Amino acid sequence: MSAQASTELQMLEGEAARRRTFAIISHPDAGKTTLTEKLLLYGGQLREAGQVQARGGRRNAVSDWTELEQTRGISVTSTSMRFEHAGTMLNLLDTPGHRDFSEDTLRVLAAADSAVILLDAARGVQEQTRMLFEVARARGLPLITFINKFDRPGMEPLEMLDHIETELNLRPAPLTWPVGSGGEFRGLIDRRTDRAIALDRTPRGAQAAHAETASAQTMADDPHWAAALEESELVSGAGEAFDEAAFLSGTCTPVLFGSAMWNFGISELLDVIVTHAPPPQPRFQVDGQAREVGAPFSAQVFKVQANTDPRHRDRLAFLRVCSGRFERGMRVTNVRTGRPITLAHVHEVFGRDRGELLEAWPGDVMGVSGVRELRVGDTVAVAADTSPFRAIATLVPEHLVTAHAVDSSKRKQFRRGLEQLDEEGVVHLLSRLSVDDRVPTLGAVGQLQLEVCLHRMRTEFGCEIRLDPTPWTVTRRVDASEVDKVLNFDRAEAFRRGDGATIAAFADAYRLRRFIQLHPEVELTRLLGDVPATVLQ
Ligand code: G4P
């Protein structure tokens, strides 16, 4: 290798090593907006609180839909935010909290190297988001747990650890320990340094509500601190130590307590992300090889979004850089189609604002506009013969409907519109395998996806559509070689997606169970893509 190439590689590896690309997964209302805002304040991206508005008010389906109506896209704020802390570049990937858009969240998780599980101290792991946690865990994604709202009455910390262990099947390793809770929440013991961090409840705007004392032991005269110290020692005695290797392989989660609202415990969280969350790792390709971050430029599309903003009426493809360095104007190949693409219009997207992105490194997110052919899962690379990255896992769509153009003269718009929404991942366009049916079937994980589809077909493609129910209510992924068994079963159907994946659909859960009894050898899963088949059967 020439001296210049070696310097470039060193620089590339250095830039990759100082990046942390992570997502926050939580149940709506757990405090993700508040936490995001506080993290951005630390990174100097926001000057005052209250600026991360777009995600506020999305706490139920109704307000979600209002937001959708206004913006004509799903999970419009699901982009990335970049900020720097202690010399580390943090790429925070936003995820929609609403269950109906869990598919989006899964795609975002595929672009992240780690995730923060944000729990409400009073509620813990909630049903709606359990699936996301399971998928994150199944993918072996390193997970950091932040227990929020400790300034309000909630579960006892020991109870919370137990809850995490049973609900998430992860070994919790508390790095901080709360002193009191609710109205009596006094502060935190930093178990790594034995520091006491007292909560100062005087309003301080953007500043952290910290008042530090030297050692936690010096606080032992106060009964709250004494009790917390005792508990913390009890936990140490029980062997709940943080194990870096287990964290990186996704079996142990560091746990931090705090309050996003009071900006308390956040700097400790940031510190854990910077110190322990992994930098970009080699990514697996379909040929089974792992592509090193130092390899020539390559990136994978994890999200496509149209009309995110009335000021920018175009379509943005979000790519995560997997290897190499991106420079503006670079020529790459879309490995799926073999076609060349010039990356001329590349943006850094921050909430709804955009800036031009001149260069990017592994772990960074690029918003590419003006390239219509990019689809979710596509790999782009400078070398045309690069093996594509593995497919991104999504959930098997469970709502199946048939789509019809209300005005039959609009067949062209109808087809084109549905194909585009399929490419963006808004809905799954499916074809029936038992009959040569020209009526397309649409699949969605959440009902709201179908509403987005109706709305966008009308407003963007000028085509009013009608969605009719189908007799199938339970779906699973099935291997193409087993499709005949499904088709021969009572009131069952099989479908194929554009990418060749096959889906079995049953009339009800009873018939699914019967099918499993009859054909125990057929593997049925609830996920499409790169997650081990053993999960979520
Ligand atoms: P989300 O994005 O996950 O949906 O949650 P968000 O941050 O919007 O927070 C949901 C509610 O919880 C908000 O209250 C927020 O102020 C509150 N909250 C967030 N973190 C904490 C915390 O650490 N302690 C306490 N006590 N509350 C917290 P809201 O009343 O629904 O809205 P707002 O009027 O306060 O904005």
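The slack between Asp221 and Arg123, meaning 0.36 nm per residue of separation minus the straight C-alpha distance, is 32.1 nm. Calculated on the alpha-carbon coordinates, the convex hull of the stretch 112-267 measures out at 112 cubic angstrom per residue.
Relative to the 2.2 N^0.38 Å rule of thumb, the chain has a C-alpha radius of gyration ratio of 1.01. In the chain, the DSSP beta bridges split such that about 80 percent are antiparallel, to the nearest 5. Its DSSP H runs of at least 4 residues, each contributing -39,500 (n - 2.57), put the calculated 222 nm mean residue ellipticity of the chain at -8500 deg cm²/dmol, to the nearest 500. Computed about its Cα centre, the charge dipole of the chain is approximately 1960 debye, with only Lys, Arg, Asp and Glu carrying charge at their Cβ. Only lysines eight or more places from Lys149 in sequence, or on another chain, were considered; those with a Cα closer than 24 Å are Lys32, Lys38.
Hey, what's the Cα Rg ratio for the stretch 285-381 versus the globular rule of thumb, 2.2 N^0.38 Å?
1.03
For the stretch 255-307, the equivalent ellipsoid derived from the Cα gyration tensor has semi-axes of 33, 18, 9 Å, listed largest first. Residues Phe101, Phe489, Phe242, Phe284 ordered from highest to lowest accessible area at a 1.4 Å probe: Phe284, Phe242, Phe489, Phe101. Taking the Cα centre of each part, how many Å lie between the stretch 253-277 and the stretch 119-156? The stretch 253-277 and the stretch 119-156 have Cα centres spaced 14 Å from each other. Gyration tensor analysis over the Cα atoms of the stretch 329-418 returns equivalent ellipsoid semi-axes of 30, 18, 16 Å (largest first, whole Å). Spatial offset of the stretch 355-403 relative to the stretch 157-186 amounts to 37 Å, using the alpha carbon center of each. For His404, the solvent-accessible surface with a 1.4 Å probe is about 40 Å², rounded to the nearest 10.
Give me the log10 of I(q) over I(0) for the stretch 394-535 at q = 0.15, 0.16, 0.19 Å⁻¹, as the Debye formula computes it from C-alpha points; what are the numbers? So the normalised log intensities are -0.72, -0.81, -1.08. If you model the stretch 379-462 as an ellipsoid using its alpha carbon gyration tensor, with each semi-axis the square root of five times an eigenvalue, the axes come out at 26, 16, 14 Å, biggest first.
For the stretch 445-459, the Karplus equation 6.51 cos²θ - 1.76 cosθ + 1.60, evaluated at θ = phi - 60°, returns couplings of 7, x, 4, 4, 4, 5, 5, 4, 4, 4, 5, 6, 4, 6, 7 Hz by residue, with Gly and Pro reported as x. Taking the convex hull of the alpha carbon positions in the stretch 224-341 and averaging its projected area over all directions gives 12.7 nm². On the principal axes of its alpha-carbon atoms, the stretch 125-175 has extents of 32, 24, 16 Å, going from largest to smallest. Solvent-accessible area per residue in the chain equals 41 Å², computed with a 1.4 angstrom probe and all protein chains kept.
Taking 7 Å steps out from each Cα toward its Cβ at Arg130 and Ser409 produces label points 5.3 nm apart.
The values are calculated or read from the model by the stated rules, or taken from the named source; none is laboratory data. All values derive from a computational prediction rather than experimental measurement. A quick note on method: Cβ atoms are made from the backbone with ideal geometry, for glycine too, and the neighbour counts reach across all protein chains shown. For accessibility, only protein heavy atoms count, side chains too; no ligands or nucleic acids. Shrake-Rupley method; radii C 1.70, N 1.55, O 1.52, S 1.80 Å.
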